[in-house]
Amino acid sequence: MAYITLESGDIISEPTTLVQFLTNHGIFYEYWDPSVLSDRLQHGLDLSDQEKESVFECFQSDLERLSEQHGYTSHDMIILSATTTPNLEELLTNFQREHHHTEDEVRFIVDGEGVFTLTRNDERFGITVTPGDLISVPYGTRHYFTLTDKRHVKAIRLFQSKEGWTAIYDKDVSAS
Ligand SMILES: [Fe+2]
């Protein structure tokens, strides 16, 4: 399950406190059990399109429920790893530039780990996401993404519209 690292270095990992913290900061969070997946579907980093579809099918009811609740119109899968992403370091350098989007950034972590560093309510903190975590970084929230020492992540991305998910690096551009 996710944990939060505050600027003070304190860590919030107790589930109830974690969810309360995220809710207080307007960040939507759910936990979906990744053990419904076969070993290959969860841990494989070189999934075929057919296998990716199988992952979506395993979470179909949750994907449909969430899409209905929040107006998501599409989803896909992103896999970042040293073995399957030739330009991984270049991509990560780009992801580490602080930015925001005009729609929520919604990720369900299937495997691996990553860290979203956000500024909300004038507070900066890191959310380390691990398998089973579904998180929505609210639109307009300045943030960046990094991998952990595990150096890989596999996630389902949900979109309201792919145009809305373009990264806006300039802090002064309105998110509205
Ligand atoms: Fe982003």
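The values are calculated or read from the model by the stated rules, or taken from the named source; none is laboratory data. Predicted model, so just to flag it, every value in this text is computed and none were measured. Backbone-built Cβ (ideal geometry, glycine too); neighbour counts: all protein chains shown. Accessible surface is based on the protein model in full, side chains and every heavy atom, while ligands, DNA and RNA are left aside. Shrake-Rupley method; radii C 1.70, N 1.55, O 1.52, S 1.80 Å.
Summary of values
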quantity: Residue match in region 148-155 (condition: within 16 Å of the ligand (Cβ to nearest atom) and loosely packed, with under 14 Cβ neighbours inside 10 Å); calculated: no
quantity: Of all residues making up region 1-30, the number that are surrounded by 15 or more Cβ atoms within 10 Å (Cβ to Cβ) and outside any loop (DSSP other than H, G, I, E, B); calculated: 10
quantity: Members of region 35-62 found to be open to solvent by less than 30 Å² (accessible area, probe 1.4 Å) and in a helix (DSSP H, G or I), listed by number; calculated: LEU41, GLN42, VAL55, PHE56
quantity: Single unsatisfied condition, ARG142 versus (1) within 16 Å of the ligand (Cβ to nearest atom); (2) farther than 23 Å from PHE59 by Cα; (3) open to solvent by 40 Å² or more (accessible area, probe 1.4 Å); (4) among the basic types (Lys, Arg); calculated: (3)
quantity: Region 71-129, residues that are assigned to a loop (DSSP other than H, G, I, E, B), touching a Lys or Arg at 6+ places or on another chain (Cβ under 8 Å) and open to solvent by less than 40 Å² (accessible area, probe 1.4 Å); calculated: GLU113
quantity: Where ARG65 falls short, out of the listed (1) open to solvent by less than 90 Å² (accessible area, probe 1.4 Å); (2) within 23 Å of THR117 (Cβ to Cβ); calculated: (2)
quantity: Counted residues, region 156-171 - those being open to solvent by 20 Å² or more (accessible area, probe 1.4 Å), of a type outside the set (Phe, Trp, Tyr) and either within 12 Å of the ligand (Cβ to nearest atom) or without any contact (Cβ under 8 Å) to a residue 60 or more places away in the chain (or both); calculated: 6
quantity: Options TYR29, TYR72; residue that is touching a residue at least 24 places away in the same chain (Cβ under 8 Å) and closer than 13 Å to ILE127 by Cα; calculated: TYR29
quantity: Residue in region 86-100 that is in contact with a Pro (Cβ under 8 Å, 6 or more places away or on another chain), within 16 Å of the ligand (Cβ to nearest atom) and modelled with pLDDT under 95 present; calculated: no
